[in-house]
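The values are calculated or read from the model by the stated rules, or taken from the named source; none is laboratory data. Computed from a prediction, not measured in an experiment: that's the story for all the values here. Neighbour counts are summed over all protein chains in view; Cβ atoms, including those assigned to glycine, are modelled from backbone coordinates with ideal geometry.
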Amino acid sequence: MTEKIETNNRIISIAIDGPSAAGKSTLAKKIAKYLNYTYIDTGAMYRCVALNAKQNNIDFQDQENVIKLLDNIDIRLDNGKVFLNNVEVTNTIRTNELSMGASLVSQYHDVRLKMVSLQQKMAQTQNVVMDGRDIGTYVLPKADVKIFLIANVHQRADRRYKENLERNIESDKENILQDLIKRDYQDVHRDFAPLKKADDAIEVDTSNLSIEETFKTVLNIILNKISK
């Protein structure tokens, strides 16, 4: 069932930020589906940049050559599927290696400018639910609703491990934990548009919440904010 919300025909944007594996993507997809909004997985876009670098044998830390790839990269999000240069990579981009790669390439100013420009264009013409690290602070600073999702890092590692098992991705829980700790540090300390809670964002701790409980909590926040 889709919730009918009176918005006076204005375009609505919902920003969901937070650290890796806090449950942003799962939540954003459910919210978008419920409201019949477009879901934009910004993290997938940076993973595509990292995958493109890997495919071209370019080290993630080789900033100059990673940036050169941007001229000929095509990233498309379509009904939950991710396409890189017209090839579906929805599951391919979900490895720990590309998670770390995305964290590295997203630090490059030119990469972020390119991705942010694409993301902002998407939000100009349609109602969107967008998740990432800097949506409420940088990409959509005037978003109608801003959610900052957090969870204990051990809980996040456990969730990521279970996700990988469901996707038949071989992984080690301890390695995932260490990767998350490293990624958190990189995301928070990068110079350009770091992971940060927007002043007007509402923080939701999902450590002890099920997916359904998180969904209901955030949906109520959104409905209350949008209906005002």
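For the reader, a short list of remarks on this structure follows.
- Residue in region 126-140 that is closer than 27 Å to LEU69 by Cβ, surrounded by fewer than 16 Cβ atoms within 10 Å (Cβ to Cβ) and not acidic (Asp, Glu) present: no
Quick grid of which residues meet (1) assigned to a loop (DSSP other than H, G, I, E, B); (2) at positive phi; (3) not β-branched (Val, Ile, Thr):
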residue: MET45; (1), (2), (3): no, no, yes
residue: ASN52; (1), (2), (3): no, no, yes
residue: ASP59; (1), (2), (3): yes, no, yes
residue: GLU64; (1), (2), (3): no, no, yes
residue: ILE67; (1), (2), (3): no, no, no
residue: VAL82; (1), (2), (3): no, no, no
residue: LEU98; (1), (2), (3): no, no, yes
residue: LEU104; (1), (2), (3): no, no, yes
residue: VAL116; (1), (2), (3): no, no, no
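- Taking region 63-89 as the range and being of a type outside the set (A, V, I, L, M), closer than 22 Å to ARG133 by Cβ and touching a helix residue (DSSP H, G or I) at 6+ places or on another chain (Cβ under 8 Å) as the test, only GLY80 passes.
- Just one of the listed residues (VAL49, VAL89, VAL82, VAL66) is among the aliphatic types (A, V, I, L, M), modelled with pLDDT under 95 and buried (at least 16 other Cβ atoms within 10 Å of the Cβ), and it is VAL82.
- Of note, GLY23 does not satisfy the criterion of being among the small types (Gly, Ala, Ser), surrounded by fewer than 20 Cβ atoms within 10 Å (Cβ to Cβ) and in contact (Cβ under 8 Å) with a residue 40 or more places away in the chain.
- Applying the condition of being part of a helix (DSSP H, G or I) and more than 9 Å from the chain's Cα centre (by Cα) to region 11-27 and asking which residue is nearest to ASP179 (Cα to Cα) yields THR26.
- Within region 42-82, being touching a Leu at 6+ places or on another chain (Cβ under 8 Å), of a type in the set (S, T, N, Q) and over 29 Å from THR26 (Cβ atoms) holds for ASN56, GLN61.
- Single unsatisfied condition, THR206 versus (1) among the hydroxyl-bearing types (Ser, Thr, Tyr); (2) within 27 Å of ARG10 (Cβ to Cβ); (3) in contact with a Gly (Cβ under 8 Å, 6 or more places away or on another chain): (2)
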